[in-house]
Amino acid sequence: NLHELQAVLADYEKQVLDDSHSFQELSLSLHQKKERLLVLQESQNLIESEPQQMDQEETQPERMTTPLIDAESATRNTFASVQSVIGAIAENQMATLERVLFRVTRGVFVIRFSTGAIPFDNSPARKFSKNPTKNFEMRRVFVIHFYGNKSEQKIHRVIDALGGKRYPYEPSREQRQREVAELETSIGEVETVLRYSQLSRTNSLKAIAESINNWEYFVSREMSIFHTLNLFEHDVKRVGIVGEGWCPKRRFPEIVDLLIRKKGNQSSAVVTEIEPHSQPPTYFKTNKLTHGFQEIVDAYGVANYRECNPTPFTVITFPFLFAVMFGDLGHGFFMFLFACLLVKLEKYFEKNKPGEIFGICFNGRYVILLMSIFSMYTGLLYNETFSLSINFFGSPYTYVGNSTNYNVTKGDSTYPFGMDPIWKQATNELSFTNPLKMKMSIIFGVVQMTFGILLSAWNCLYFRDYKTFINQFIPQMVLLLSIFGYMVLLIILKWVTHYSNTHCAPSILTTFINMFLGFGKVVKVDDAETGKDCHTDTLIDGQETIQLILLACAF
């Protein structure tokens, strides 16, 4: 339950925080020990090199940095009052430190700097960065010899003010070497403990990562249960809770069986079916294929209870109408590969939820799959592959003549499927293909609108709503068929009619303009080249009378 999960999460949280705090403390201690070791090693090199440097500088004039005592003298405490300080300071503060110390001690001091800079952690105390190199600062190790206890405090304040770090100094060489050995041993032990601490924290985080999906599912399920229980009303007389709701009728026995089961000593639930006081909500059972199309339909409007659901028809019509517009074999093939990849990896993405934008593509994977299949089909009909024509079956047309003057000869057969690729080389390609696609779109659009209105008529007859059937369905059908249905009829008649002179073919656009402006009148067609009367002014007998009747019905 939630209380057990809360206890488990609290234990994991305490363990991870303890491991992180221990890792942080150990990391800080490790950096401090390594810095101390570097300073000791560099200062030892400086102190051991002082006698040799003095021998090399015997013939040179005395300078401010010339050592006042040698290392052996300091070790034997020949001058008991001579003291030393070791530490590290930023490279840009070296000259400042030397000048200030000269004034503070009145020149009674000796300072030596290491030849090379060493990276030091400059992060605040008791804080450790995940990227230690970000807080590193290049510093130089120094050794200062001075005289007197009063100068010691002044030197310490100067070093602290300039941002330097001071470390304890052992005058004996043996003590310094022993401290170096102890630091190296301690550093090895801390690194070992640090690895085990990191391993413990990693194991804890891995255990959390393996269980987090189950925890999220459990919490979301519990939240949904509590949200549902909040919809119930407390019945004081019955000492229980009472709730009303809707469920699919075919699932009612299953729900009753789940609710009346006894669990431990808890009393079972009582489930009864009551008469509804309001219209039931709409519920459509969907699957992986129809879910995306149902979302598209619901975006325009949700059908009322027991109304006809247009989603099964939309599964075919929506991707097909997209393909009529898109229609390319090459692009459709790449869409098909992308959709197949989404379908193949659907179990992975169901467990690992994708982002918002990619999630839209994943939820509509079957929509994309059907659109790509229909796009490849219409691409074959249009004979377009990346906007290029491919001669799949062999064109019956051949060119005869040279490149500037040629004729097209037709063979005995016709192109078996789709558009002949020879149209891509014709001068009137656009004037043929564009009207063809436009007229096809009009036909499919009118058919779909007619089918949608027929579905509304089905709903009216099912609910015995004859008033809506008479006052809404019939006017819609009359208006649609009188204008757009008549247009589809003219398109088909013009396609099946042979015209020896194509310039004499009646224009459907001009026919409709004259139909509305001239109240059904048909204007004679003249040859566009010669200007003579073509004597083919109508597509059907009695066209003016038919257009006048249709115009009257539409209005």
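The values are calculated or read from the model by the stated rules, or taken from the named source; none is laboratory data. Treat the numbers as computed from the prediction; the structure is a model and nothing was measured. Note: ideal-geometry Cβ built from the backbone for every residue, glycine included; neighbour counts use all protein chains shown. Calculation scope for accessible area: heavy atoms of the full protein, side chains included, ligands and nucleic acids excluded. Shrake-Rupley method; radii C 1.70, N 1.55, O 1.52, S 1.80 Å.
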What ranking of Tyr397, Tyr382, Tyr348 comes out by heavy-atom accessible area, probe 1.4 Å, highest first? Tyr348, Tyr397, Tyr382
Find the eigenvalues of the gyration tensor of the Cα atoms of the range 160-296, then list the square roots of 5 times those eigenvalues as equivalent ellipsoid semi-axes, largest first, in whole angstrom. 70, 22, 17
Multiply the residue gap between Phe313 and Val108 by 0.36 nm, knock off their C-alpha separation, and tell me the result in nm, one decimal place. 63.7 nm
Rank by packing, highest mean first: peptides 195-205, 22-32, with packing defined as the count of other Cβ atoms within 10 Å averaged across residues. 22-32, 195-205
Subset of Lys288/Lys344; Lys288/Lys347; Lys288/Lys353; Lys249/Lys351; Lys249/Lys347; Lys249/Lys285 violating a 22 Å alpha-carbon distance limit: Lys249/Lys351; Lys249/Lys347
With R₀ set to 60 angstrom, the calculated FRET efficiency between the beta-carbons of Glu273 and Glu189, to the nearest 0.05, is 0.20
J(HN,Hα) series, the range 191-203, from Karplus relation 6.51 cos²θ - 1.76 cosθ + 1.60, nearest Hz, glycine and proline x: 5, 5, 5, 5, 5, 5, 5, 5, 5, 5, 5, 5, 4
I need the Debye-formula profile for the range 170-213: one equal scatterer per C-alpha, no solvent, reported as log10 I(q)/I(0) at q = 0.27, 0.29, 0.32 1/Å, two decimals. -0.85, -0.90, -0.97
With all protein chains in place and a 1.4 Å probe, Asp541 shows an accessible area in Å² (nearest 10) of 140 Å²
Cut-off under 5 Å, modelled amide H: who pairs with Met138 long-range: Phe120
Thinking of the range 209-359 as a set of Cα atoms, what percent of all their pairs are more than 27 Å apart? 51 percent
With the contact rule set at Cα under 8 Å and sequence spacing of 6 or more, what percent relative contact order holds for the range 317-382? 65 percent
Using all alpha carbons of the range 326-400, what is the percent of pairwise distances in each 5 Å bin, ordered from the shortest bin to the longest? 3, 16, 20, 16, 13, 10, 8, 5, 3, 2, 2, 1, 0
Based on the Cβ-Cβ distance from Phe392 to Ile492, what FRET efficiency comes out when R0 is 22 Å, to the nearest 0.05? 0.20
For the range 550-555, just list the computed ³J(HN,Hα) in residue order, Karplus coefficients 6.51, -1.76 and 1.60, θ = phi - 60°, integers in Hz, with x standing in for Gly and Pro. 5, 5, 5, 5, 5, 9
Could you report the accessible area of Met94 in Å², rounded to 10, computed with a 1.4 Å probe on the protein chains as they sit in the structure? 40 Å²
Using the Karplus curve 6.51 cos²θ - 1.76 cosθ + 1.60 with θ = phi - 60°, what ³J(HN,Hα) values do you get for each residue of the range 435-450, in whole Hz, with x for Gly and Pro? x, 4, 5, 5, 5, 4, 5, 4, 4, 5, x, 5, 4, 5, 5, 5
Cα-based shape type of the range 361-513, given that a ≥ b ≥ c are square roots of the gyration tensor eigenvalues and the cut on a/c is 1.5: oblate
Could you tell me the calculated FRET efficiency between Thr468 and Ala552, based on Cβ-Cβ distance and R0 = 22 angstrom, to the nearest 0.05? 0.35
Give me, ordered by chain and number, the residues 5 or more places off Ser172 or on other chains with an amide H under 5 Å from its own placed amide H. none
